[in-house]
Amino acid sequence: MNAVEFSDVTLAVGGRTVLVGASFAVREREFVGVLGPNGSGKTTILRAVLGLLMPWRGSIRVLGRPPSRGDPTIGYLPQVRSNRAGMQLSGWDFVAAVHRGHRLGLPFLDAVGRREIARALDRVGAADLARRPLAETSGGERQRLLLAQALVGRPRLLLLDEPLISLDPHHQAAVVALARSVQEELGITVLFSAHEINPLLGAIDRVLYLGQRQAALGTVEEVITGPVLSRLYGMAIDVVHLHGRIFVMSEGQDMERDAHRHYEAHHAGPSHA
Amino acid sequence: MPDHPMLEYGFMRHAFAAAGIVAVLGGLVGYFLVLRGQTFAGHALGHVGFTGATGAVLIGASPFSGLVVLSVLAGVGMGFLGERIAERDVAIGIVLALALGFGLLFLNFYTAFASEAVALLFGNVLAVDARTAFVLLALGLASLAGLAMISRPLLFASLQPEVAEAKGVSLRLYSVLFLGIVGLATAGCAEIVGVLLVFALMVGPAATAQRLTHHLGWGILLAPGLALAEAWLGITMAFYTNWPSSFWITSLSAVAYLVAVVLSGRRSAAPARSR
Ligand SMILES: Nc1ncnc2c1ncn2[C@@H]1O[C@H](COP(=O)(O)OP(=O)(O)O)[C@@H](O)[C@H]1O
Ligand SMILES: [Mg+2]
């Protein structure tokens, strides 16, 4: 069985098509990097897998079933927002809010629930961290706590949306290594979206690259090539390998890096969701 | 306490009962308002409620019924508009000024109501009669039950809206339900401290609690506890000094918040922070 299967899928958001006739299949227990420039549809695809967005055409299967909102087999780490509410609360409270958070009643956990939270925090080594208020954690620590949140409920599929944004290279590497070790330990499938391929090299099994409303899934060697990326960027792309790193270049410009810089500038404002 | 001379007066018993239930509700509602960054709602609904109260008098209804109906309607409306409204502070400010303006106009048509209008603006808990105290008790208990029922998904939706949405929680539904309860709490608080001072009873204790503890469980106990203490202490001081109870309640609220700011500032400045 495939973990995520897109068959001839067309996705549209706000009247704009983001993906047209895409077909690909992510196998179970795969760690897949979801890449593509800003606005290429990474978040949109993850939302479709969560059942928050119905495809216009084609069909999506998640662990053998059509996507359904509230699917307990999926853990989700959304893209960070700068204006998060309740930052004064402890990390523990943030993670605990997820446990059966959709049920009516008081927000207090029983012993079973508290064990579940402790287990998720231990898995990512954030048990101590969780005592601090979220406002007093660094970007990398916060991503670790939010990864714990995604592990509550023992999901079989993890969707991590740009957990590397605004982290320095050192912390980026730590987050990638942590996600990979959790994936191997639990034997689950991970879709990990990012702007840039380099932090993910060596950790990912395959890459799903998005651009020009198309998608290409394959190994790094198959997908990160001049011809494939020229199609996905809609312009002539050269792929340069240097000291074990990969640079996606067009007319001397590093496409992935520039996309990132624009993105940061664009999202620096406090009111952007 | 039962033998205390204060409690020999019926109006004092009514004041303690009404203020007690309203303070507990206000403190809890306020905790979620502060958590969600929606404290302006407490302010805004009070203004709209004033227009409701004066408008109700104009059509021959009781001011309290107008206060309740319009603040709840405004809360529900705000919930439907959702995120979009949060970024429009100028528009909100203009609408609120307009609401107060209309309240004043209604008042102008019915000048006999002028002294009650002052009570509406600044509260007069010592004037709460048995019937009003009973109504507040019933409304307060119903609101508390409603809030208790939705508090878990509300917390989830407040802290991690995207994840909550993915897990099947309707953000809009809980926003509407919550702001409807905020409307009720605002009307209740307005009856105690007046529409202009709702902030002191609803947001003050909650903000103080969030300064004092990072733990949700303690915060949820501390916020209504502080609100209750400030309300009852305020009424007691009013009894002995003959100064307005709203003055004492707002002062206690401000002092408690200042103390919390100083205490939490000292804690976060301490070098050996717990890891
Ligand atoms: N709420 C929305 N309304 C309208 N368009 C949207 C909305 N969200 C995303 N889009 C558009 O959908 C496209 C894909 O966005 P997204 O999936 O967020 O890209 P990525 O995550 O790769 O940056 C973009 O062109 C974006 O402008
Ligand atoms: Mg995105």
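Working only within the stretch A:108-119, note down all residues that are more than 12 Å from chain B (Cβ to nearest Cβ) and assigned to a loop (DSSP other than H, G, I, E, B).
A:Asp110
Look at A:Leu201 and say whether it is in contact (Cβ under 8 Å) with a residue 40 or more places away in the chain and not assigned by TED's automatic domain parsing to the domain that holds A:His99. Step through it out loud before you land on a result.
Numbers: in contact (Cβ under 8 Å) with a residue 40 or more places away in the chain: yes; not assigned by TED's automatic domain parsing to the domain that holds A:His99: yes.
Criteria met by A:Leu201.
Could you please give the count of residues in the stretch A:85-99 that are in a loop (DSSP other than H, G, I, E, B) and more than 8 Å from chain B (Cβ to nearest Cβ)?
Applying the first criterion (in a loop (DSSP other than H, G, I, E, B)) to the stretch A:85-99 yields A:85-89, A:97-99.
So of that shortlist, the ones also more than 8 Å from chain B (Cβ to nearest Cβ) come out as A:87, A:99.
Residues flagged as in a loop (DSSP other than H, G, I, E, B) and more than 8 Å from chain B (Cβ to nearest Cβ) within the stretch A:85-99 amount to 2.
Having 2 or more residues that are open to solvent by 10 Å² or more (accessible area, probe 1.4 Å), away from ligand 2 (no atom under 16 Å from the Cβ) and more than 20 Å from A:Arg27 (Cα to Cα) is the bar; report the helices (runs of 4 or more DSSP H) wholly within the stretch A:120-227 that clear it. Steps first, answer last, please.
Details: elements: A:139-151, A:169-186, A:220-223.
Correct list: A:139-151, A:169-186.
Given A:Gly91, A:Gly33, A:Gly75, A:Gly101, which one is touching a helix residue (DSSP H, G or I) at 6+ places or on another chain (Cβ under 6 Å) and without any contact (Cβ under 8 Å) to a residue 12 or more places away in the chain? Spell out the reasoning first.
Values: A:Gly91 fails: without any contact (Cβ under 8 Å) to a residue 12 or more places away in the chain; A:Gly33 fails: without any contact (Cβ under 8 Å) to a residue 12 or more places away in the chain; A:Gly75 fails: without any contact (Cβ under 8 Å) to a residue 12 or more places away in the chain.
Answer to the selection: A:Gly101.
Listed here are the residues, each with its yes/no results for (1) touching a strand residue (DSSP E or B) at 6+ places or on another chain (Cβ under 8 Å); (2) surrounded by fewer than 22 Cβ atoms within 10 Å (Cβ to Cβ); (3) part of a helix (DSSP H, G or I); (4) touching a residue at least 24 places away in the same chain (Cβ under 8 Å).
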site: B:Met6; (1), (2), (3), (4): no, yes, yes, yes
site: B:Phe11; (1), (2), (3), (4): no, yes, yes, yes
site: B:Leu28; (1), (2), (3), (4): no, no, yes, yes
site: B:Gly46; (1), (2), (3), (4): no, no, yes, yes
site: B:Gly49; (1), (2), (3), (4): no, no, yes, yes
site: B:Gly52; (1), (2), (3), (4): no, no, yes, no
site: B:Ala56; (1), (2), (3), (4): no, yes, yes, no
site: B:Ser65; (1), (2), (3), (4): no, yes, yes, no
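Looking only at the stretch A:155-179, which residues are under 12 Å from the mean Cα position of the chain (by Cα) and within 16 Å of ligand 1 (Cβ to nearest atom)? Reasoning before the result, please.
First, pick out the residues of the stretch A:155-179 that are under 12 Å from the mean Cα position of the chain (by Cα): A:157-165, A:175-176, A:179.
Result: A:Leu159, A:Leu160, A:Asp161, A:Glu162, A:Pro163, A:Leu164, A:Ile165.
Please state which of the following conditions A:Ala126 fails to meet, knowing it meets all the rest: (1) at the interface with chain B (Cβ under 9 Å from one of its Cβ atoms); (2) touching a Lys or Arg at 6+ places or on another chain (Cβ under 9 Å); (3) on the phi < 0 side of the Ramachandran plot.
That leaves (1) as the condition not met.
Is it the case that the stretch A:63-74 has a residue that's under 28 Å from A:Arg154 (Cβ atoms), β-branched (Val, Ile, Thr) and within 15 Å of ligand 1 (Cβ to nearest atom)? It would help to see each step written out before you state the result.
We begin by selecting, within the stretch A:63-74, every residue under 28 Å from A:Arg154 (Cβ atoms); these are A:63-74.
Still in the running and β-branched (Val, Ile, Thr): A:73-74.
Next, from what is left, pick out any that are within 15 Å of ligand 1 (Cβ to nearest atom): none.
Checked against the condition, which is being under 28 Å from A:Arg154 (Cβ atoms), β-branched (Val, Ile, Thr) and within 15 Å of ligand 1 (Cβ to nearest atom), the stretch A:63-74 yields no hits at all.
Within the stretch A:11-44, how many residues turn out to be surrounded by fewer than 16 Cβ atoms within 10 Å (Cβ to Cβ) and either of a type in the set (A, V, I, L, M, F, W, C) or away from ligand 2 (no atom under 15 Å from the Cβ) (or both)?
Residues flagged as surrounded by fewer than 16 Cβ atoms within 10 Å (Cβ to Cβ) and either of a type in the set (A, V, I, L, M, F, W, C) or away from ligand 2 (no atom under 15 Å from the Cβ) (or both) within the stretch A:11-44 amount to 9.
Residues that are assigned to a helix (DSSP H, G or I) and within 14 Å of another protein chain (Cβ to nearest Cβ): does the stretch B:224-243 have at least one?
Here is the first cut: in the stretch B:224-243, the ones assigned to a helix (DSSP H, G or I) are B:224-241.
Retained after the next criterion (residues that are within 14 Å of another protein chain (Cβ to nearest Cβ)): B:224.
Among the residues of the stretch B:224-243, at least one is assigned to a helix (DSSP H, G or I) and within 14 Å of another protein chain (Cβ to nearest Cβ), which makes the answer yes.
Please determine whether any residue of the stretch A:45-61 is more than 16 Å from ligand 2 (Cβ to nearest atom) and crowded, with 23+ Cβ neighbours inside 10 Å.
Keep residues of the stretch A:45-61 that are more than 16 Å from ligand 2 (Cβ to nearest atom), which gives A:51, A:54-61.
With crowded, with 23+ Cβ neighbours inside 10 Å added as a condition, the list becomes none.
Looking for residues that are more than 16 Å from ligand 2 (Cβ to nearest atom) and crowded, with 23+ Cβ neighbours inside 10 Å, one finds none in the stretch A:45-61, hence no.
Pick from the stretch A:62-81 the residues that are basic (Lys, Arg) and away from ligand 2 (no atom under 13 Å from the Cβ): which of them is farthest from the other protein chains (Cβ to nearest Cβ)? I'd like the intermediate steps shown before the answer.
Of the residues in the stretch A:62-81, the ones basic (Lys, Arg) are A:65, A:69, A:81.
Okay, now just the ones that are also away from ligand 2 (no atom under 13 Å from the Cβ), so A:65, A:69.
On the way: A:Arg65: 15, A:Arg69: 5 Å.
Here the answer is A:Arg65.
Do we have A:Leu106 as within 16 Å of ligand 2 (Cβ to nearest atom), more than 26 Å from A:Leu200 (Cα to Cα) and free of Cβ contacts under 8 Å to residues at least 60 places away in the same chain here? Explain how you work it out, then say what you get.
Values: within 16 Å of ligand 2 (Cβ to nearest atom): no; more than 26 Å from A:Leu200 (Cα to Cα): yes; free of Cβ contacts under 8 Å to residues at least 60 places away in the same chain: yes.
So A:Leu106 fails the test.
The values are calculated or read from the model by the stated rules, or taken from the named source; none is laboratory data. Worth saying up front: this structure is predicted, and the values here are computed from it rather than measured. Every residue, glycine among them, receives a Cβ derived from its backbone with ideal geometry; neighbour counts consider all protein chains shown. Each accessible area value is taken on the protein alone, full model and side chains, heavy atoms only, with ligands, DNA and RNA left out. Shrake-Rupley method; radii C 1.70, N 1.55, O 1.52, S 1.80 Å.
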